[in-house]
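*Asks:* Below you'll find the structure I mean.
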Amino acid sequence: MSDSLMVSRHPHVGPPRLLDSLLEPRALFEAALLPASLPLLLQAPQGDGHPVVLLPGFLADEKSLIALKLFLLRKGYDVRSWGLGRNIGFQSKYMKALPQKIRHLHHKTGRKVSLVGWSLGGVFSLFGAHEATECVRSVITLGSPVSMDRAGSQSPSMVKALYRLVAHPLGSAAHAMQPRVKDLRERKPLPIPITCLYSLSDGVVPPQEATIDGDPALHENIRVPGSHVGLGFNGLVLAIVADRLAQPEDAWRPFEPSGILRRVYRIMIREAKAA
């Protein structure tokens, strides 16, 4: 595969803009606007009933994904929470339990499982897909640090300090250097559909970390407007997730919005560029 035919990480360098980090509380405003997205969400395609596991971000639990869960249930998916409580970092207990859950769900339903992870939950999604590839249909990440340079995480200092306080005194680097996690970072993208949603105004995870290099026949990076904390309540994000999950299992195609989703997507991306 030639470089010209590859999906590429965003070229941004360094941490998120300070202003974007300071404005992360705007997620409350974004959540309040979710009802205005109802026409867009009603037009999103119905699902085929296959199982979808939702994975929360750092310090969040299943309740943080309630909007996405209710929406996907309404669209006909067999939606499951990861069932491991609050996400307190890349802990070994999660690394052992998640692949087992994926395999069990695949065996129980007879269908492959899609994984949707927000922030650190997206890293767990990729880990679970690597460990149980034969059971996974697709992976969707929302503002997740799925790529890392040698310099390490470029998230704001406050986020790193919080990780050190809650998860590990040496910070995220201690978990990133675990053999299984390091192996995950260094592997080529999986031969299954992977969609990475990212925002240039994300105040927590910079775009170069939230995107991947890969094969455009299976992998894609989709830019969305909004904050990091608001991704799970962003109407456009929910509509894109539904569009991606509705792709036929053996006939996945890259994101090409149509109808009302196409119009809304173009308008919101154009406004984000002008901001």
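*Asks:* Please enumerate the residues belonging to the range 225-275 that are surrounded by 11 or more Cβ atoms within 10 Å (Cβ to Cβ), among the aliphatic types (A, V, I, L, M) and free of Cβ contacts under 8 Å to residues at least 40 places away in the same chain.
*Replies:* Hit for the range 225-275 is I267, nothing else.
*Asks:* Do the conditions hold for L73, that is, is it farther than 19 Å from Y163 by Cβ, part of a helix (DSSP H, G or I), in contact with a Gly (Cβ under 9 Å, 6 or more places away or on another chain) and not charged (D, E, K, R)?
*Replies:* Values: farther than 19 Å from Y163 by Cβ: yes; part of a helix (DSSP H, G or I): yes; in contact with a Gly (Cβ under 9 Å, 6 or more places away or on another chain): no; not charged (D, E, K, R): yes.
The answer is no for L73.
*Asks:* Return only the number of the condition from (1) closer than 18 Å to L245 by Cα; (2) at pLDDT below 80 that H175 does not satisfy.
*Replies:* (1) is the only condition that H175 fails.
*Asks:* Could you tell me whether any residue of the range 55-62 is in a strand (DSSP E or B) and among the hydrophobic types (A, V, I, L, M, F, W, C)? Show your work before the answer.
*Replies:* Of all residues in the range 55-62, those in a strand (DSSP E or B) come to 55.
If we keep only those that are among the hydrophobic types (A, V, I, L, M, F, W, C) too, we end up with 55.
Checked the range 55-62: at least one residue is in a strand (DSSP E or B) and among the hydrophobic types (A, V, I, L, M, F, W, C).
*Asks:* Identify the single condition in (1) modelled with pLDDT of 95 or more; (2) on the phi < 0 side of the Ramachandran plot; (3) in contact with a Ser or Thr (Cβ under 9 Å, 6 or more places away or on another chain) that Y163 does not satisfy, given that it satisfies every other one.
*Replies:* (1)
*Asks:* So for the range 56-64 (the condition being buried (at least 22 other Cβ atoms within 10 Å of the Cβ) and out of contact with any Ser or Thr (no Cβ under 7 Å at 6 or more places or on another chain)), does at least one residue qualify? Full working, then the answer.
*Replies:* Narrowing the range 56-64 to residues buried (at least 22 other Cβ atoms within 10 Å of the Cβ): 56-58.
Now drop any that are not out of contact with any Ser or Thr (no Cβ under 7 Å at 6 or more places or on another chain), which leaves none.
No; the residues of the range 56-64 include none that is buried (at least 22 other Cβ atoms within 10 Å of the Cβ) and out of contact with any Ser or Thr (no Cβ under 7 Å at 6 or more places or on another chain).
*Asks:* From the list A60, A97, A67, which one is free of Cβ contacts under 8 Å to residues at least 24 places away in the same chain and either over 24 Å from G49 (Cβ atoms) or under 17 Å from the mean Cα position of the chain (by Cα) (or both)?
*Replies:* On the way: A60 fails: free of Cβ contacts under 8 Å to residues at least 24 places away in the same chain; A67 fails: free of Cβ contacts under 8 Å to residues at least 24 places away in the same chain.
The conditions single out A97.
The values are calculated or read from the model by the stated rules, or taken from the named source; none is laboratory data. Because the structure is predicted, anything quoted here is derived from the model rather than measured. Positions of Cβ are backbone-derived with ideal geometry, glycine not excepted, and every protein chain shown enters the neighbour counts.
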